[in-house]
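Visitor: Before I ask anything, let me first share the structure, which is written out below as structure tokens.
Just so you know, all these numbers are worked out from the coordinates, no wet-lab data involved. Note that this is a predicted model, so its numbers are computed, not measured. With ideal geometry, Cβ positions are generated from the backbone for all residues, glycine too; neighbour counts draw on all protein chains shown.
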């Protein structure tokens, strides 16, 4: 009878989170791990796999170190590998940052099983991971580093619209940009960073037609600009009542006192998650309903050069921004008609192509993932607060349907949005990766 191979640490996912865990395991604990992911380019993930050098990071190079203890790590890598003149304030193209992550991944040299995990179940103290290509992997500890999933299906958009070749549900699917004529009008659903990236890709490919964006509030992200760094957050947990209104009041008090808004927003980064955890569920829902978008456009800002391009397009009319809620998208001859509502008025916009730019879905319960579906059905994992991510401890230990946290099954990155407010950007993920690597390396597991 063949001897079963038992792997100590298995990470399901092949993006930035997986790469950073592997790197921390190797450099800090001299431990190896196994990564299961179908990609042939581990470490890049969705965010950094773009081929466009026009898609810039929305954080300056000084804030993108993979090492929380060495803020200059990425800048030093840039100076050694890309340009000796790299300024810490530079907004680097995302694919270049992907190469940085890839180099860290290669330094860790994890085992890579190029396949898709479709199930993960525990028995006798060990996890059995079933692969789409056949076979299984046995592990003592498992990390779900699943990242982002395709955008949620928009209401009022029937599946048959996809067959027209003019509605593009996933902005990053192969062939989206190649199929759009240079002078064809395009409608983008959404005005967040995904829409910004798509605008840059379209223009880079020689597109000259008018672009119309439609979103509920018609708000693009704000721009980065120089500002002083505050020594402390403008308010902190425990010093302010745990309500959405009190948080808003404390923030506005700081602004009225002369604090520049960018400085105030950035000062809150270290305490945002503790503040979120302090809120009762009813207050979290209130914040999401009334304040989250207002926060996001100021927190996730555009690089200045990108903001200049967006502003210029809006001034000359090649970029039109409308606010409205999408009701339906229907075929109209060889075009598509987008029907939306703004206030009590109806808004109809026609274009040759419509691209869904609402961004990746964070609703893991609705994701097109056999792995998550089987684990959710088995009760091994459960959805997070408000349907986002998965329910876990702030340190990533996943809860089962009985409310028991696992000691050997963890989540990292976007999956932690089931409990945290911030968990998708490198400053949070790098800290999570280092802390989780230490936990995995020193855990007492089944023999």
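Visitor: In whole Å, what are the Cα extents of the stretch 106-167 along the three principal axes, biggest one first?
Guide: Extents along the principal axes: 47, 33, 20 Å.
Visitor: How much length is gained if the chain between residue 28 and residue 378 is pulled fully straight, taking 0.36 nm per residue apart and subtracting their Cα-Cα distance, in nm to one decimal?
Guide: Answer, rounded to one decimal: 122.5 nm.
Visitor: Take the Cα of residue 261, step 7 Å along the line toward its Cβ, and report every residue of the stretch 295-309 whose backbone nitrogen sits under 15 Å from that point.
Guide: The answer is 295-302, whose backbone nitrogens lie closer than 15 Å to the label point.
Visitor: Of the residues 189, 113, 12, which exhibits the maximal mean-square fluctuation in a Gaussian network model of the chain defined by a 10 Å Cα contact cut-off?
Guide: 113
Visitor: For residue 404 paired with residue 323, estimate the spin-label separation in nm (one decimal), with each label point 7 Å from Cα along the Cα-to-Cβ line.
Guide: 5.0
Visitor: Can you give the Kirkwood hydrodynamic radius for the stretch 321-447, in Å, rounded to one decimal and based on Cα pairs?
Guide: Computed over the stretch 321-447, the radius equals 17.5 Å.
Visitor: Would you kindly give the portion of the calculated P(r) for the stretch 244-299 that falls above 18 Å, as a percent of all Cα pairs?
Guide: Taking all Cα-Cα pairs of the stretch 244-299, the fraction more than 18 Å apart is 30 percent.
Visitor: 7 Å from Cα along Cα→Cβ at both residue 277 and residue 294: what's the point-to-point distance in nm?
Guide: Placing both labels 7 Å along Cα→Cβ, they lie 2.7 nm apart.
Visitor: With a point put 7 Å past each Cα toward its Cβ, work out how far residue 330 is from residue 223 in nm, to one decimal.
Guide: Reported label-point gap for residue 330 and residue 223 is 4.1 nm.
Visitor: With just the Cα atoms of the stretch 232-337, tell me how far they stretch along each of the three principal axes, in Å, largest first.
Guide: So the extents along the principal axes, rounded to whole Å, are 59, 33, 21.
Visitor: Another question, if that's okay. Compute the projected area of the convex hull of the Cα atoms of the chain, averaged over all viewing directions, and report it in nm² to one decimal place.
Guide: 23.7
Visitor: Please work out the Cα center distance from the stretch 287-329 to the stretch 188-203, rounded to the nearest Å.
Guide: Centre-to-centre distance over Cα atoms comes out at 9 Å.
Visitor: What is the Cα centroid distance between the stretch 397-425 and the stretch 97-142, reported in whole angstrom?
Guide: 18
Visitor: Continuing with the same structure: What FRET efficiency, computed as 1/(1 + (r/R0)^6) with R0 = 35 Å and r the Cβ-Cβ distance, is obtained for residue 82 and residue 316, rounded to the nearest 0.05?
Guide: Working from the Cβ atoms, E equals 0.60.
Visitor: Here is a further query. Between helix 304-316 and the chain, what is the angle of the helix's C-alpha long axis to the longest principal axis, kept within 0 to 90° and rounded to the nearest 10?
Guide: Tilt of helix 304-316: around 30 degrees.
Visitor: P(r) tail for the stretch 168-217, what percent of Cα pairs lie past 12 Å?
Guide: 62
Visitor: Along each principal axis of its Cα atoms, how long is the stretch 332-379 end to end? Whole angstroms, biggest number first, please.
Guide: Per principal axis, max minus min of the Cα coordinates gives 45, 29, 16 Å.
Visitor: State the Cα centre-to-centre distance between the stretch 1-52 and the stretch 55-73 in whole Å.
Guide: 21
Visitor: Convert 10 °C to kelvin, take the viscosity as 1.306 mPa s, use the Kirkwood radius over C-alpha pairs of the stretch 1-112 as Rh, and evaluate the Stokes-Einstein diffusion coefficient in µm²/s, rounded to a whole number.
Guide: Estimated via Stokes-Einstein, D reaches 107 µm²/s.
Visitor: Another question, if that's okay. Jot down the radius of gyration and Dmax of the stretch 84-231, Cα atoms only, both in angstrom.
Guide: 21.4, 62
Visitor: Further question on the same structure: Taking the 0 to 90 degree range and rounding to the nearest ten, how far is the long axis of helix 426-442 tilted relative to the main principal axis of the chain, both from C-alpha atoms?
Guide: It works out to around 10 degrees.
Visitor: I've got another one for you. Run the numbers for residue 245 and residue 173: contour at 0.36 nm per residue of separation, minus the present Cα-Cα distance, in nm.
Guide: Difference between extended and current length: 21.9 nm.
Visitor: For a label point 7 Å from the Cα of residue 69 along Cα→C-beta, name the residues of the stretch 3-25 whose backbone N is under 13 Å from it.
Guide: Output list for this probe position: 24-25.
Visitor: A follow-up question, please. Counting other beta carbons within 10 Å of each Cβ, put 423, 17, 369 in order, fewest first.
Guide: Listed from fewest to most nearby Cβ atoms, that is 369, 423, 17.
Visitor: Starting at 0 and stepping by 10 Å, how many percent of the alpha carbon pairs of the stretch 267-312 end up in each bin?
Guide: Result, from short to long distances: 22, 42, 21, 14, 1 percent.
Visitor: To check you understand DSSP bridge types, tell me what percent of the beta bridges within the chain (both residues inside) are antiparallel, rounded to 5.
Guide: If I count the DSSP bridges inside the chain, around 50 percent turn out antiparallel.
Visitor: Add -39500 (n - 2.57) for each DSSP H run of 4 or more in the chain, then divide by its residues: what number comes out at 222 nm, to the nearest 500 deg cm²/dmol?
Guide: The helix contribution divided over the chain gives -9000 deg cm²/dmol.
Visitor: Hey, what angle do you get for helix 244-256 against the long axis of the chain, alpha-carbon based, 0 to 90 degrees rounded to 10?
Guide: Roughly 60 degrees, rounded to the nearest 10.
Visitor: Taking N as the number of residues in the stretch 2-54, what is its alpha-carbon radius of gyration divided by 2.2 N^0.38 Å?
Guide: Details: Rg = 13.6 Å, N = 53, 2.2 N^0.38 = 9.9 Å.
Expressed relative to 2.2 N^0.38 Å, the Cα Rg reads 1.37.
Visitor: By how many nm would the segment from residue 269 to residue 114 grow when fully extended, if each residue of separation counts as 0.36 nm and the alpha-carbon distance is taken off?
Guide: Here the segment from residue 269 to residue 114 would lengthen by 52.2 nm.
Visitor: Shifting gears a bit: Starting from the Cα of residue 342, move 7 Å in the Cα-to-Cβ direction to define the label point; list residues of the stretch 190-214 whose amide nitrogen is under 15 Å from there.
Guide: Hits in the stretch 190-214 for residue 342 at 15 Å: 190-191, 211-214.
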